[in-house]
Each structure stands twice: as C-alpha cells, then as structure tokens.
1. Restricting to the stretch 119-150, what's the tally of residues that are of a type in the set (Asp, Glu), in contact with a Lys or Arg (Cβ under 8 Å, 6 or more places away or on another chain) and either within 16 Å of THR310 (Cα to Cα) or without any contact (Cβ under 8 Å) to a residue 40 or more places away in the chain (or both)?
2. What are the pairs, 6+ residues apart or on separate chains, where a residue within the stretch 49-62 that is in contact (Cβ under 8 Å) with a residue 40 or more places away in the chain has its Cβ under 6 Å from a residue that is loosely packed, with under 12 Cβ neighbours inside 10 Å?
3. How about the stretch 246-264: which of its residues are touching a Ser or Thr at 6+ places or on another chain (Cβ under 8 Å) and part of a helix (DSSP H, G or I)?
4. Those residues that are touching a Phe, Trp or Tyr at 6+ places or on another chain (Cβ under 7 Å) and surrounded by fewer than 21 Cβ atoms within 10 Å (Cβ to Cβ), I need them from the stretch 179-207; list them, please.
5. Using beta carbons and a limit of 6 Å, which pairs, at least six apart or on different chains, have the first residue in the stretch 27-47 and free of Cβ contacts under 8 Å to residues at least 12 places away in the same chain and closer than 18 Å to ILE108 by Cα and the second one surrounded by 24 or more Cβ atoms within 10 Å (Cβ to Cβ) and of a type outside the set (Ser, Thr, Tyr)?
6. Could you please find all residues in the stretch 153-168 being in a strand (DSSP E or B) and surrounded by 24 or more Cβ atoms within 10 Å (Cβ to Cβ)?
7. Keeping to the stretch 169-203, report how many residues are over 14 Å from ALA306 (Cβ atoms), part of a strand (DSSP E or B) and hydrophobic (A, V, I, L, M, F, W, C).
8. Let me spell it out: the conditions are (1) of a type outside the set (D, E, K, R); (2) in contact with a Leu (Cβ under 7 Å, 6 or more places away or on another chain); (3) buried (at least 24 other Cβ atoms within 10 Å of the Cβ), and ALA97 meets all of them except one. Which number is the exception?
Amino acid sequence: MRVIVVDRFGGPEVLRVKTVPDPHPGPGQVVVEVKVAGVLSLDTVIRRGEGGDRFAVSPPYVPGAGAAGQVTEIGAGVDPSWCGQWVLADVDGGGYAEQVLAAPDQLIRIPPGAGLREAMALLHDGATALAVFERVRVQRGETVLVQPAGGGLGILLVQLAHAAGARVIGAARGAAKLEAVRGLGADVVIDYSEPGWADRAGPVDVAFDGVGGELGRAAARLVVPGGRYSNYGFAGGAPVPADEVARRGVTAYGLEQLSEYEPGRRARAERVLRLAARGAVRPVVGQTFPLSRAADAHRALENRTATGKTLLVV
C-alpha cells in the first residue's frame with residue numbers, strides 16, 4: 001500500500017509517497033481501508049519540527065490522526081459486527097495511508113446517510129470545537145470573536161456561537177473565506193490582514209484564537225476585563241501565554257486545555273456527528289487533494305489559502 005512518510009523535519013517537500021507492506025490485524029485490531037484522511041494545522045507544525053514536548057514526534061513517521069473508510073479485516077477477539085462497517089478511525093498517527101490499523105475503541109461508526117468527507121471533517125475539529133466552546137460558556141447577547149473563522153474548526157465555532165445567541169465576529173484572510181463565514185452566521189466579518197482590523201473588531205466578551213503569534217495577542221487584547229480568551233492553536237506563531245492574558249482580568253484557557261479534553265474526545269465526536277445529522281452544525285470541506293499531493297494540502301494550510309476543512313482523498 002501507499003503511505004505518506006516524513007523522513008526529516010522541514011517544509012512540505014519532505015512529505016513523500018512510499019510503498020510499504022499491507023498491514024494485517026493482530027489480536028484486538030482491525031484494518032480500515034481508507035477513503036478520506038484528515039489534514040490538521042497541527043500536522044504542519046509537527047512536520048516543521050515545532051511540536052515541542054506536547055507533540056513529540058520523531059522522523060521517520062506517517063502523519064495523520066484520523067481517517068474514514070471501511071473495516072475490511074478484523075483480528076482475534078474483535079466483535080465480527082465491525083467487519084464491513086464504515087467508520088472514522090481516531091488513530092495516534094499513520095492516517096495518511098491507504099490502510100490503517102486501529103483498535104475498536106478508536107472507531108466511530110458513521111451514521112447512515114452521513115457523507116464520509118463531512119464525517120471526517122468533524123472527527124477532530126468538531127470534537128475540539130464542542131470542547132472549547134462549552135468550556136467558555138458563551139451567553140446570549142455576548143460578542144464573540146473567532147479567528148481564524150475560515151478554518152475547519154473556526155467555521156464550527158462561528159455556528160455554535162451563532163446558535164447560542166451571541167453576536168459573532170469572524171476574522172479571516174481573504175474575501176472567499178469572509179463570505180463563507182458570513183453565510184454560516186457571523187454578524188461581522190473582518191480581514192485580519194488589513195491594518196486596523198483589531199480596532200474594528202473590539203471590544204469583545206470572548207475570543208477564540210487558533211492562530212497565536214501577534215494576531216493572537218491582538219485578539220487577547222480585545223477581550224474586556226471579566227471576559228474569556230480561549231487559545232486552541234498556534235498556526236501563526238507561538239501561543240499567547242495564559243498568565244499574560246490573565247493580568248488584564250481576563251480568564252484565559254491555554255493550549256493545556258486540549259489535553260484535558262482527550263478522555264472525552266470520542267464522545268464529543270459522536271455528539272457533533274448527531275448535531276450535523278440534525279442540521280445544527282454544517283462542516284465545510286473547502287478543498288481535497290489526492291493522497292499523493294499531501295504536500296500541496298500542507299501548502300494550502302500554511303499559505304492560508306484553504307477555506308474550511310482540508311482532506312486527502314485516497
């Protein structure tokens with residue numbers, strides 16, 4: 001089978017196709033024939049060698065924390081009902097591949113009628129969006145900033161905040177992303193690549209920040225005393241230190257919150273799939289790439305040209 005391997009840290013060019021033997025399930029394992037693999041901004045951070053102790057990965061490795069496909073083989077001790085099921089595989093790595101090994105407790109059955117791509121778009125981004133949103137406890141009438149609002153996770157946060165009755169400000173880069181965000185419930189859209197964007201955005205009661213760096217600091221400064229700042233990513237620079245935000249009288253939830261959510265991730269993924277089935281949230285798959293073009297998928301994320309979720313199609 002084909003996989004994407006990273007032999008050394010570096011730019012997108014280090015992602016290369018490699019042929020390896022097909023996997024066979026051991027006791028308590030299944031083989032999933034992958035149709036779609038998820039691409040996370042975190043994948044690009046790790047590939048550059050910037051994951052730090054929190055995301056300690058050493059080459060060579062196969063990226064990818066999630067895949068969608070069909071269970072084709074089961075190992076000893078696995079319930080036979082898994083065979084033939086269409087599932088999401090929430091794996092610890094190896095998702096950029098034509099087949100993955102997984103344990104049954106890493107599998108989530110895809111509800112009937114749900115599309116593979118839409119389900120894959122919700123596995124990680126949906127579960128994380130629910131977790132960070134519920135932690136902050138957005139109230140009706142509050143003003144909420146989401147950045148980047150045009151990414152796979154940000155688009156879901158915009159919808160959740162809108163449904164909660166908040167006034168939603170979506171900050172992103174480029175007209176296409178802003179138009180998509182407006183159509184999903186943002187009351188105000190702002191291009192944060194333009195000068196003076198923060199003055200037009202603030203003040204806010206809540207800021208969801210998946211960018212970090214200077215944009216993250218600007219977002220944190222917009223939160224009024226007594227408000228909440230939630231940092232769930234650092235695609236654009238170093239995370240904003242929580243104590244720096246807290247000195248302004250703002251409650252800060254830093255990246256450490258992500259590890260706290262791990263035990264409930266599967267349950268949240270199942271919940272968000274049910275929300276999507278009812279039409280309460282809608283994932284946006286903005287672009288897909290063949291598995292062999294994983295490098296192009298990473299470039300789209302790093303160049304911030306991607307809207308919504310980016311997927312690899314196998």
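1. Residues of the stretch 119-150 of a type in the set (Asp, Glu): 125, 134, 142.
Applying the additional criterion that residues be in contact with a Lys or Arg (Cβ under 8 Å, 6 or more places away or on another chain) yields 125, 142.
From what is left, the residues that are either within 16 Å of THR310 (Cα to Cα) or without any contact (Cβ under 8 Å) to a residue 40 or more places away in the chain (or both) are 125.
Total satisfying the criteria: 1.
2. Qualifying pairs under 6 Å: PRO59/ARG8.
3. Answer for the stretch 246-264, where residues must be touching a Ser or Thr at 6+ places or on another chain (Cβ under 8 Å) and part of a helix (DSSP H, G or I): GLN257, LEU258, TYR261.
4. Within the stretch 179-207, ASP191 is the sole residue that qualifies.
5. none
6. VAL168
7. Residues flagged as over 14 Å from ALA306 (Cβ atoms), part of a strand (DSSP E or B) and hydrophobic (A, V, I, L, M, F, W, C) within the stretch 169-203 amount to 5.
8. Failing condition for ALA97: (2).
The values are calculated or read from the model by the stated rules, or taken from the named source; none is laboratory data. Only a predicted model underlies this, so the values are computations on that prediction, with no experimental measurement involved. So basically every Cβ, Gly included, is an ideal-geometry build from the backbone, and we count neighbours across all protein chains shown.
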